[in-house]
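What follows is a single structure, written as structure tokens, with notes after it.
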Amino acid sequence: MDQIYDVIIVGGGPGGIAAAYLCHKQGLSHLLIESGKAVFHGISTTYPEGKNVYPSKPKDDPEPFMVEELRPPDKPVTVEKYIQYVQHFVQHEGLNVVTETQFENIETARDHQRVITTKGTFLARKILLAFGSSIPKELSVYGDAKMVAKSLDDPKKYVGLRTLVIGGGNSAADVIISILKAKRSANDKEPVYWAHVAETFDVNKETAQRLGEEILLGGNIRLLPGATPRIGEVDDEGVDRLVIRVAVHELPGGIERYNAMSFPMKNVIACIGSQGPTSTFDKIGVQTIACAEGVCQVAKEGDRLLLLTSEFESTRKGVYVIGGAISPSYMKITKGSIQEERHPNLIHTAINDAYHVISSIATKLKK
């Protein structure tokens with residue numbers, strides 16, 4: 001008979017790791033499912049290389065870090081060192097983690113729930129969703145060519161290649177900086193093309209300064225403002241390629257003449273932002289509510305916020321949601337009323353969410 005875990009945790013970020021550790025301490029059987037190759041995959045792919053991690057707390061929050069073992073040190077460390085520490089911590093504590101496993105759905109049985117994944121079905125009494133908000137947006141292009149990369153796992157892979165980075169913000173700039181550094185170390189003069197649908201690129205002062213330093217040191221970058229990805233295709237040699245329009249000229253009779261560039265898909269990285277997990281919540285039947293004007297102070301009008309109890313339980317009984325997946329705010333159900341609750345997307349917040357949820361689950365399961 002398949003094991004029924006007390007808690008299955010989806011997502012190996014700060015909240016998910018904290019929850020697994022607390023289950024371990026409380027004597028609750030647990031399984032943590034992570035889609036990446038290792039825990040903290042979301043942080044490793046969204047934090048730029050060398051960026052420091054801080055033990056930031058929300059203003060006016062009296063709570064300390066409820067899991068001190070996962071608290072970033074007061075003296076800032078790079079994200080790489082913090083991730084290395086957490087990965088060693090997971091191994092040392094013997095937490096039950098499966099990686100490269102994509103969550104797909106939840107099915108309800110009589111006395112448990114089934115968690116459907118790409119590596120089979122797992123059974124749980126309680127489910128904790130801790131998969132964050134950084135779900136990359138899809139790059140919508142016509143054609144059957146394979147999808148481009150959405151993150152940068154190894155900048156050295158792009159040495160010797162003419163690379164295209166799509167997106168006009170800080171994430172795209174951070175990726176370009178990493179690639180330029182790798183190319184410079186290898187004395188590679190091949191350019192990095194930076195494309196954005198708008199005519200202007202929007203990066204903060206710190207990122208612009210770091211990018212400028214790389215260019216001064218010899219980084220070869222070509223800007224493509226107003227460029228639009230149009231089609232995926234397979235060339236005569238069977239290579240998946242992306243065609244991107246870089247200029248369009250309208251001619252009489254509704255004819256368009258345009259200039260375009262074509263890149264092998266493996267040389268293309270899309271940094272076009274992330275989307276919240278609303279579509280996942282819809283799929284598994286977790287209820288959200290749309291913000292109305294005058295009701296929401298943090299979210300925008302029309303934004304859909306999760307309905308959660310004070311214990312972070314969703315409208316689907318036995319399914320809890322924590323961390324970035326519910327930031328920057330959610331609708332808190334208390335004593336028959338519903339009100340918007342601020343929820344900063346911080347390591348501190350995710351860890352403390354996990355503490356409160358696992359404490360509640362432990363109480364319920366041990367009755």
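A convex hull fitted around the alpha carbon atoms of segment 234-367 yields 225 Å³ per residue.
Peptides 226-234, 286-294 ranked from most to least packed give 226-234, 286-294, packing being the mean of other C-beta atoms within 10 angstrom over each peptide's residues.
Using 0.36 nm per residue and subtracting the Cα-Cα separation, the extra length available between residue 293 and residue 99 on full extension is 65.7 nm. Dipole check for segment 1-158: with +1 at the C-beta of Lys and Arg, -1 at the C-beta of Asp and Glu, and the Cα centre as origin, the magnitude is about 220 Debye. So how tilted is helix 14-26 from the main axis of the chain? Cα-based, degrees 0 to 90, rounded to 10. Tilt of helix 14-26: around 30 degrees.
Residues within the reach of a label modelled at residue 184 (point 7 angstrom out along Cα to beta-carbon, backbone nitrogen below 19 Å), restricted to segment 46-84, are 48-52. Summed over qualifying helices (DSSP H, 4 residues or more, each -39500 (n - 2.57)) and divided by its residue number, the chain shows a 222 nm mean residue ellipticity of -7500 deg cm²/dmol.
For the residue pairs 157/181; 25/119; 51/81, the C-alpha atoms sit more than 19 angstrom apart in 25/119. Helix 205-216 and the long axis of the chain differ in direction by around 40°, with both axes built from C-alpha atoms. Checking Cβ-Cβ separations below 4.7 Å across the chain identifies 23, 271 as cysteines lacking any candidate disulfide partner. For the chain, a simple Cβ point-charge model (Lys and Arg +1, Asp and Glu -1, everything else neutral) yields a dipole of about 480 debye relative to the Cα centre. Annotation: the antiparallel percentage among DSSP beta bridges lying fully within the chain is about 55.
Taken about its Cα centre, segment 237-321 carries a charge dipole of about 200 debye when Lys and Arg each add +1 at the Cβ and Asp and Glu each add -1 at the Cβ.
Any read-out appearing in this document is the output of simple, stated calculations on the displayed coordinates, not a laboratory observation. Keep in mind it's a predicted model, so treat the numbers as computed, not measured. Note that we place each Cβ from the backbone using ideal geometry, even for glycine, and neighbour counts take in every protein chain shown.
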